[in-house]
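The block underneath contains the structure these notes are about, expressed in structure tokens.
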Amino acid sequence: MKKSLWTITALLPLAVSCGQHPDLPGYAGRDLTGLAEITRDRNTKEATLTVGVSGPWRLYGGPAADSIDLSEPVLAGKGSGSHAINTTLPQRHACFLFAAGDDRALLAERLLPMAGGYNMRDLGGYRSEDGRYVRWGRIIRSDDLHGLTDADLAYLASLPVATVVDFRSAEEAQAMPDRLPGQGTAYLQLPITPGNLDDIGSYISMTPEEVEAKMEWMNVYFATSDEGKARYREFFRLLQQPEAGAVLFHCSAGKDRTGMAAALVLYALGIPEATVMEDYLASDGYLAGKYDRYKERFPQLAGLFEVRPEYLSAGIERIKTDYGSVERYLRDELDVDIEAFRDAYLY
């Protein structure tokens, strides 16, 4: 059973940091990480702040660390306890500043609270090698959108999501069509089809080792096949029009075709390789429960429903072998203007 609450936690600099802002009040004070936490109900989207400090405190919000509205707190109070946060705010607050005197904590929301989804994540907040941060609310990775509720769609519309990119095959998309957040949302199909990924029967006779080898082969296919390169090239063409608005991209589980796409985006933004891998491997935790019935029935196929370092590494290492570096691959094969891309999505 899926948990009903998502937690917005204080985040680590090289994992999922909200970012830094030199004008935050009390920036030089004590870090209150662990003493303030926000939980959001995935069904109602209502948010609650839990405070573990004495004395007066204030909570500010904004779409990113460099655009937190300091003119008026979202919430203010005194002492420890739990407090409902006004959810009628005009926009999603991806970053929060919790301040108590001269002390503070930055809180961020990476996992979007979807009642009908598991693996919808904002790529914002990651720190690049040049010290900048990825903007929040601009690039979102996800599993399928078929099960999203009306409340989920309203939440996405409030971001707003301008374009949904679907890497699934035509057969997958027809079997489980996306629910889109609004009539104005563009839908772009960019199918990457290394075989029928939904046909469990074609994998049943495989050993665990054969499944792992197949997953490694798939990641090489995503990155280096003519089909994969053509689809990712079109994906980056869209992303290089940042004025078009936020982009949400997905496949079925949001871990394989989407996982490679997310990794390439983070490489293009100059995010450290270790952080790219952390983001890739996080799918296992977020997808907990989605494929349990298959893993219980076909334990030898567990590797098909999970992410492992070897999978992504197989594709990335082939890129490095064939092109010398991921950056050269992005420039030469996917037509990415690295400098302009970073200027658009980093702050």
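Values as computed for the structure displayed
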{"read-out": "Taking the C-alpha atoms of region 183-283, convex hull volume expressed per residue in Å³", "value": "123"}
{"read-out": "Reduced Cα scattering model of region 60-173, Debye log10 I(q)/I(0), q = 0.11, 0.14 Å⁻¹", "value": "-0.45, -0.69"}
{"read-out": "From phi via Karplus (6.51, -1.76, 1.60), per-residue ³J(HN,Hα) for region 156-171 in Hz, x at Gly/Pro", "value": "5, 5, 6, 5, x, 7, 8, 9, 10, 9, 10, 8, 6, 5, 4, 5"}
{"read-out": "Apportionment of accessible area to carbon and sulfur, region 88-166, percent (1.4 Å)", "value": "48"}
{"read-out": "Residue-wise HN-Hα coupling along region 115-126, computed from phi with Karplus coefficients 6.51, -1.76, 1.60 (Hz; x: Gly, Pro)", "value": "5, x, x, 10, 10, 8, 9, 7, 7, x, x, 5"}
{"read-out": "Between 0 and 90°, nearest 10: helix 226-239 axis offset from the chain longest Cα axis", "value": "20"}
{"read-out": "Å² of accessible area per residue within the chain, as computed with a 1.4 Å probe and no ligands counted", "value": "42"}
{"read-out": "Solvent exposure ordering (accessible area, 1.4 Å, most first) of Ser67, Ser169", "value": "Ser67, Ser169"}
{"read-out": "Kirkwood-based Rg to Rh ratio, the chain, C-alpha trace", "value": "0.98"}
{"read-out": "On Cα atoms only, tilt of 208-224 relative to the major axis of the chain in degrees", "value": "80"}
{"read-out": "Over 25 Å between alpha carbons, listed pairs Lys229/Lys290; Lys214/Lys290; Lys229/Lys255", "value": "Lys229/Lys290"}
{"read-out": "Other-chain or far-sequence residues with amide H under 5 Å of Glu37's (modelled H)", "value": "Thr50"}
{"read-out": "Region 130-196 shape via C-alpha gyration tensor axes, a/c threshold 1.5", "value": "oblate"}
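The values are calculated or read from the model by the stated rules, or taken from the named source; none is laboratory data. Given the structure is predicted, the values throughout are model-derived calculations rather than measurements. For accessibility, only protein heavy atoms count, side chains too; no ligands or nucleic acids. Shrake-Rupley method; radii C 1.70, N 1.55, O 1.52, S 1.80 Å.
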